[in-house]
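Okay, so here's the structure we're looking at.
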Amino acid sequence: MQKKALILVDLQNEFINKKSGYYLGDLKDLINRTNQLIELCRNQDYKIIFTQHVELNSEIEFKQGSSGVELISSLARHEDDVVIIKNKISPFYKTTLNKELKNISEIVIAGVLTNLCVRSLSQDAYDRDYEIKIIADCCQALDKKTHEFTLQDLKATREDIEIMDLKEFILQ
Amino acid sequence: MKILATFTDQDLGIQEASPNRESFRLREAARAVILTPENKVIVMQVKNHGFYKLPGGGFEHGESLEQALNREILEEAGAKIKVIEMIGAVHEYRDKPKLKQISYCFLARQVGELIESNFTEEEMNDGFVRQFLPLEKALNAVSKPILKKYGPRYMQLRDSLLLTQANKLIKNRPSLLAR
């Protein structure tokens, strides 16, 4: 039985659409690292879970049915990976994530945005007593300062959360 | 008047912009960046929808540009104004309502005393509140949040451009500010 899960937060087209308010720039490097992370976890029998944000009352970004909500196609996804569609920042709210995490004790987290959905997942999972590792260089916010502050603040307020770069995670 | 920008649904990140844009219904509007005697900018906070916009609005039947500008600014901002510079025109092609909106925009100074805003019922329902902000803060307030609604996103594109242009005009000619 799988004891560990990798959760990839909201890696969706909206973030690579130049005209979107959520445009993050070229995510090629981040996706490359993320794919390495996915393969590594897959080989170690992690459960692979993608979250997908759909904003119910949005007329523009993350609009239901738009191409912006689709997961980025260059991700190393498998058909049997789990996809959790969520309508709020927290992936636990009105979703089946709790059920998917039954028997799981450790969660590895990567994705975007660091200060929004990554943070929400991290702190909500923390309160549900999971062991948490955040892969810092596989996460991004709209600006670097916000990214760094968010991770620093998560660490300062929840010392059991481990924050590391992909390299450190590989070496563990 | 110089066209500063033409915005379409593509500028909102919505991929498909209608090809038949010239058949859209036309709405003309007058808007202003108004400097108070303290060199603050009058912005309308739309409380119930979480955003800010510049004062101004559409022409009523038979009105001239000058009449529309003075009436809209008096109603929304409660200010009498003197135009000090033209900023330019902004064209919007909004696919959803099939609307072409042309906004003629000015940099103006408030003259005389302010009066209470005279909001329409719709503006009251939207929670309009008049605010006075330094230009940089007004620009931040107008451009910062990522709004979910279609119409407000167009206003945000337009008004952040207008404030940026107003800022440039003032930087180049500091004498435009009241001393």
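The values are calculated or read from the model by the stated rules, or taken from the named source; none is laboratory data. Here the structure is a predicted model, which is why all the values come from computation and not from measurement. Cβ atoms come from the backbone with ideal geometry, glycine included; neighbour counts cover every protein chain shown.
List of remarks:
- Considering only residues in the range A:29-60 that are charged (D, E, K, R) and without any contact (Cβ under 8 Å) to a residue 12 or more places away in the chain, the one that is farthest from the other protein chains (Cβ to nearest Cβ) turns out to be A:Asp29.
- Matching entry among B:Leu74, B:Leu4 (being under 29 Å from A:Lys18 (Cα atoms) and of a type in the set (A, V, I, L, M)): B:Leu4
- Given (1) within 14 Å of another protein chain (Cβ to nearest Cβ); (2) in a strand (DSSP E or B); (3) of a type in the set (A, V, I, L, M), index of the condition B:Ile14 fails: (2)
- B:Val142 vs. criteria more than 24 Å from A:Lys63 (Cα to Cα) and either touching a strand residue (DSSP E or B) at 6+ places or on another chain (Cβ under 9 Å) or aliphatic (A, V, I, L, M) (or both): no
- Filtered residue count, the range A:3-62, keeping only those that are modelled with pLDDT under 95 and either hydroxyl-bearing (Ser, Thr, Tyr) or within 21 Å of A:Gln123 (Cβ to Cβ) (or both): 2
- Residues that are charged (D, E, K, R) and under 23 Å from B:Phe59 (Cα atoms), drawn from the range B:102-145: B:Arg109, B:Glu116, B:Glu121, B:Glu122, B:Glu123, B:Asp126, B:Arg130
- Flag: B:Glu72 does not match the condition of being in contact (Cβ under 8 Å) with a residue 24 or more places away in the chain and not in a helix (DSSP H, G or I).
- Residue that is nearest to B:Lys47 (Cα to Cα) [pool: residues in the range B:147-168 that are part of a helix (DSSP H, G or I) and within 12 Å of chain A (Cβ to nearest Cβ)]: B:Pro152
- Some residue of the range B:82-101 being within 30 Å of A:Leu142 (Cβ to Cβ), surrounded by fewer than 18 Cβ atoms within 10 Å (Cβ to Cβ) and either more than 14 Å from chain A (Cβ to nearest Cβ) or in contact with a Cys (Cβ under 6 Å, 6 or more places away or on another chain) (or both): yes
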